[in-house]
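Working notes, structure below.
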Amino acid sequence: MRDPGPGQQPSVQSSLTGETPGSLDSDRRYESGRSSSTRTLEAAAREAARCLHCSRAPCAQACPLHPAIPLALHHIAHGEVLAAAVEFAIVNTMPGICSRLCPQERLCEGACWRVRTRARVDSGRPVAIGRLEAFATDVQYEVEADVQRQIAIADSGKHVAVVGAGPAGLTVAELTRRCGHAVTVFETTPRPGGALRWSIPDFRLAPTILDAHIAALENMGIRFICNFQVGRDATIDDLLASGYDAIFIGSGALLGITPDVLEESLAGVSQAMHFLERARPASVYPRPPDWNESDLAGKCVVVAGDSDEALDCARQAMRKGALHVICVHSGEEEKMGCRHQSLQDAMQEGVWFLHQAVPVQFLGNDAGHVRAVVCWHTVPRLSRRSGSRTSPSTETASVTVRADHVVLAIGRQVDSLLARTTPGLEIDSTGRIIAGTSGATSRPAIFAGGDCVHRDGLVVTAVADGTRAAVAIDRHFGGPAAATAPL
Ligand code: SF4
């Protein structure tokens, strides 16, 4: 491995996007999903040098993968960017992706000791761990773009089937392959990537990053079978009977939720996932012929929800030429579920927000197309004794918002197909698969992780699930799981 070192600064103009260098602090935008590649090595080193190297590294403790963040930052501060990239990759199969999609303010950066030194040291700004991780990974991709991941150990003779090519499934595929097992990944959609490909817009994650990751996995010998839905085209038991020794289910939660009070039958009302799929550039994302581009030019769009997915929909609608985009959600601005950066970007791009409002009715025109959304607007109640805010909020008035298109981004649920076609696979009351910490399910040799098991919805949590499941699968085969990350 070549390390540029402090005297051999690599060009940080991305070979994938052709972006030009800028300063670390001035360019906060994540356009094209490769903002970190615009940083100079000097600026990155200066930022990394702000790390206090806390003895217990609360930043690392706050991350589900527990990376050696202080050590990686030490490497960057000394110009050893590739060493930092390796350090991040020891516990994370996709650091370049997590660094762009993680809510760092709730994880590593939220726990950074710099935040607690507010009055004494530089306004309590955390070390920009996410951006530095993305920077190190970008440099690694650029310098080592031609390096293929090697499988150092002999073929084990075992074969793993992975159901779903999202972050959990891709992690299991990579780590079990590294252990010497043959791996086949079954994906329902035309291309691997799961939510990373179909739900995350290009302005948050450039498709070249995901494509490079998939290509590296294919170079490892992992086989992808797309347009194949397990449960419909073959059952889990069919796969076991055909010779697979273990199965990992990482099929995600792909069905949108519609509250009982709302009618989804009006034209112009869509679920977030379908909206984001259709907003994709057709040239980049092949799709079935019945998938139409959304035409939002000059339209008023209402997005219900406060998650990153909701804000992705709102920002995509702005890019599709919408006249107004209003995000409606029940909570307060300070308690929104999205990343702070996503909120800042959405506001800068012109998205409006109606806080503390709950959609309760869609109004349609004579043609059966949505024309407005009725919301209950709520405000916090004042406490008589202290004057401070108390919860829950009270309903105060109805507000009618014009809407030519409505996007529902208020949660997802799991498709019951796999549970219905897999006897003995236990699920909970919400339809999610019941799995232990290692991913073991109620059926021997069947493991599960990611959004089909829990509601977390974070890529980094799915990677952690996949890592633990890969260790468990290797141990199930009698292997030491030596090549996988020790979580
Ligand atoms: S908490 Fe912040 S300052 Fe402390 S080791 Fe982590 S990044 Fe460095």
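Every number here is computed from the coordinates shown, using simple stated rules; none is lab data. Here the structure is a predicted model, which is why all the values come from computation and not from measurement. No Cβ is skipped: glycine too gets one built from the backbone with ideal geometry, and neighbour counts run over all protein chains shown.
Between A212 and T184, the C-beta separation translates, for a Förster distance of 35 Å, into a calculated FRET efficiency of about 0.95.
A full extension of the chain between E349 and A397 corresponds to an added length of 14.4 nm, given 0.36 nm per residue minus the alpha carbon distance. Electrostatic bookkeeping for Q229 treats Lys and Arg as +1 and Asp and Glu as -1; over the other residues with beta carbon under 14 Å from its beta carbon, the sum is -2.
Taking Lys and Arg as +1 and Asp and Glu as -1, the other residues whose beta-carbon sits under 10 Å from that of V127 total +2. Other residues within the sphere of radius under 11 Å centred on the Cβ of T430, judged by their own Cβ, net out at +2 (K and R +1, D and E -1).
Under a model in which nothing but the beta-carbon of Lys, Arg (+1) and Asp, Glu (-1) is charged, the stretch 179-248 shows a dipole of about 220 debye around its Cα centre. Each peptide in 446-455, 463-472, 100-109 was scored by the mean count of other Cβ atoms within 10 Å over its residues; highest first, the order is 463-472, 446-455, 100-109.
Packing order of peptides 81-87, 59-65, highest average first: 81-87, 59-65 (average count of other Cβ atoms within 10 Å over each peptide's residues). Once the chain from Q361 to A241 is taken as fully extended at 0.36 nm per residue, the excess over their C-alpha distance is 38.3 nm.
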